[in-house]
Amino acid sequence: MSYSLDQVQTILQAEWLQRRPSAEQPLDYLLLDSRQLFFPERSLFLAMPGRVYNGHQFLGVLYQAGLRNMIVFQDLDPSLFPEASIIKVDNILLALQQLAAHHRQQFGYPVIGITGSNGKTMVKEWLFQVLYSDYSIVRSPRSYNSQIGVPLSVWNMGPNHDLAIFEAGVSRRGEMQNLAPIVHCDLGIFTFLGEAHAEGFASKEEKLREKIRLFSHAKTVIYCCDDPLVESVMQEQKFQKLSWSLENHPSASLKVTILERLAGSCLLDAFYQGERLLLPLPFSDQVSLVNAIHCWATMLYFGLASTSIRERMASLQALPMRLELQEGQNGCLLVNDTYNADLNSLQQALHFLAAHDQDMSRSLILSDLLQTGESDESLIQSIALLLKGQQIQTLIGVGKKMPALQKMLPAEIEQHYYGDTEALLQALPQFNWQRQAILIKGAREFGLEKVAQQLSRQAHPTVLEINLSALGHNLRTYRRLLQPGVGLMVMIKAAAYGAGSTEVARMLEYIGAEYCCVAYPDEGAELRQAGISTPIAVLNPEPASFNQLLRHRLEPTVYSLDQLKSLVAFLQGRDLSLHLSLDTGMHRLGFDQHEIPALLQFLSENPGLKIASVFSHLAASEDPVHDDFTAEQARRFLSMYEAICGVLGYRPLRHLLNSNGISRFPQYQFDMVRLGIGLYGIDVSNTLPEPLQVMFSLKASISQVKEVAAGETIGYSRRALAKESMRSATISIGYADGLPRLAGNGAYQVLIRGQLAPILGSVCMDMCMVDVSHIPAAQAGDQVEVFGPNLPVDHLAKVAQTIPYEIFTGISQRVKRIYLQE
């Protein structure tokens, strides 16, 4: 369903700044990010303001690319965009939400609204799995549940659908009242009340009441009534309740009992409306069980027969909920996005591919997109439009519909088509890709993850998952603490604390960091060769590396007069930005107070030097015990800085604060701050107003499970003794991978199937053994969380008598890095 800008202006009662014939053309796409412009003629750009960027900055670029319809919030000169139609509103976010709410009211088919602390996306995706054969479903892309994500999701509703499933989340009071009229759900699902976003609410009850505002228009709400607080608040509401319980709660509509729980499966017994129901599930963990029962209750609500429910639930699959970026064979880069297949997610995946392709040739493996609600002809035309201009060198289509693309795409795109995935798997060796960026995208039914497995670099089974979405959240968390105009220099030294500097730098460039900072010129050169254009400062430039600085436009920090003289002699008048390091009490690197007169003399004798910034390091910004010393460091810094400015005749950027100092000393933010370990999810100061998200997850797998008789020993030096019969599991991680030897002998526990398993005996080079006697379902192939969202890295650091920095940077390069993005 399309709208013209004329219609949008009427809906929003907006002010016309300029109306041209383009105001009458149909618009299908709402655009907030100028980098994601795929269909200029059919897109409406909303110039959203932000802390770093203002959407108005990109109007010229978009206009040059062919976009002709805009919503702005500031006055501008329309003559700069002579063919564009432009309307003005006071608040872009509110306009987006009003437009989505209006769009929602055009459709009368059922809408399911999902909220809760956890499980929203999984429940939504599983509902799609079990209901798509009966309905043409529109649903939230990925985890689009925010103040912006919800209206963008609802905008996808069309007359070709007959069921909608949207998720909505909130992090503070008052947010759900904006989202409820947009979703306007008929059926609500409340997944779970947990601790997430607790900082935004005065109490757990306040958070619960805010979340269930989503159901203000709902006729029925599905929820688990085993939580007394949830049940109490739900009973106050006027909507009908379809509650379920695992604890035989008397008010439950669906009473569930776990009859049998085995490794990877369970059998449920339930009573619903006087009928006994048996349901086998292909899961046994508690989280999946709860999510599955929500789906079961939903199917009962829709009146599906028990036999049909059993068949559909038996086919449920655990889903990768994020797009994955990983190394492929022969230097290739794989973007694996096989869990979500529709036109919107294809558009997002293509954009991600373009942002991370490292100037490689691009290939796309794409299956038929099923259950989109569009006609085959319309869908193929949309795909063809989307692919044009995306610099796709090779397209591999899988499915019966894909060959229709052949006549619609430019001749320079090499095309291959296969009827099914098995045929493609047999043909894969013929492609012999070298240094290709390959996007694998398809409907779940095609099982394209098999293709991803065949193309991926065969590596150690232990992996380090790096959540780029968490990185973005953490950066935004710190940005919200900054005063207007304060910039961010982000530390990505030591391979971005083990995350991989190139991918982290790409993400930082995408979300708008002003500076990157590395330890050595080699690290900066690698980023430049990967196409990173953000300014890069280098902390430790040696004279032998001065050529690299010039060649790759790297900006050295200068910490001594001898170093500065050597650099000036090398430059011979050539332009290079420098950063002056001052020692205010850290006593590591930098000009001491007594060296400032000589520095000032040299600067006055060399007026052509370009000093980009002056900075110093705080010694103990995280510790209140040393706050007086921190204040003294700031005083010394400002005194030296002012003296330097007096000689230069201009004021370079000032920066003093590190991650811990950003939240504790806002008065010292100056012109820029340096964000290091905080970006990666570690808040040593414990003063942030909202929690950081875990960016690193180190995961191994069980190689073998053994039955060990009483009296037997385990591992080198026989340090673990089985006092009674027990089960041990050998897992695929050792000290060569970065697991400290101090973690052995029961000092540390890993997480298997949601339960802690202590390490038995010594940590070996490539593996270690853990006690799984109390985890009867544990088996070879099970995933093992060494640290991550459920097992904070701080625990391992404490056992190893070190800090998280050392744990992160100590993870071996043989451990495969997988980058995830929601």
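The values are calculated or read from the model by the stated rules, or taken from the named source; none is laboratory data. Note that the structure is predicted; figures quoted are calculated from it, not measured. So basically every Cβ, Gly included, is an ideal-geometry build from the backbone, and we count neighbours across all protein chains shown. Keep in mind that these areas ignore ligands, DNA and RNA; they rest on the heavy atoms of the full protein, side chains included. Shrake-Rupley method; radii C 1.70, N 1.55, O 1.52, S 1.80 Å.
In the chain, the portion of solvent-accessible area held by carbon and sulfur atoms comes to 49 percent [1.4 Å probe, whole percent, DNA, RNA and ligands not counted]. Restricting the chymotrypsin sites (Phe, Trp or Tyr not before Pro) of the stretch 31-61 to loop positions (DSSP other than H, G, I, E, B) with no more than 15 neighbouring Cβ atoms within 10 Å leaves Y53.
For the chain, the Cβ-based charge dipole about the Cα centre amounts to some 180 debye (Lys, Arg positive; Asp, Glu negative; other atoms uncharged). Of all DSSP-defined beta bridges confined to the chain, some 40% are antiparallel rather than parallel.
With protein chains left intact and a 1.4 Å probe, residues in the chain average 41 Å² of accessible area per residue. Only helical runs count toward this figure. For the chain, summing -39,500 (n - 2.57) over DSSP H runs of n ≥ 4 and dividing by all residues gives -8500 deg cm²/dmol at 222 nm. In loop segments of the stretch 444-535 as defined by DSSP, the trypsin sites (Lys or Arg not before Pro) with at most 11 further C-beta atoms inside 10 Å of their C-beta are R480. Would you work out if the stretch 6-89 is rounded, prolate or oblate? Take a ≥ b ≥ c from the square roots of the eigenvalues of the alpha-carbon gyration tensor; rounded if a/c is under 1.5, else prolate when a/b is larger than b/c, oblate otherwise. Judged from the Cα gyration tensor, the stretch 6-89 comes out rounded (a/c under 1.5). Between the listed residues L316, H294, G264, the Cα displaced farthest toward the positive end of the dipole of the stretch 254-331, a dipole computed from Cβ unit charges relative to the Cα centre, is found at H294.
For the stretch 509-625, a/c is not less than 1.5, where a ≥ b ≥ c are the root eigenvalues of the C-alpha gyration tensor, and a/b does not top b/c. That puts it in the oblate class. The Cβ shell under 11 Å around E167 holds other residues with a net charge of +3, Lys and Arg each +1, Asp and Glu each -1.
Qualifying GluC sites (Glu not before Pro) in the stretch 166-228, where qualification requires a DSSP coil assignment and no more than 15 other C-beta atoms within 10 Å, comprise E195. In the stretch 670-822, taking the dipole from charged Cβ atoms about the Cα centre, the farthest positive-side position among I733, N686, H795 is held by I733.
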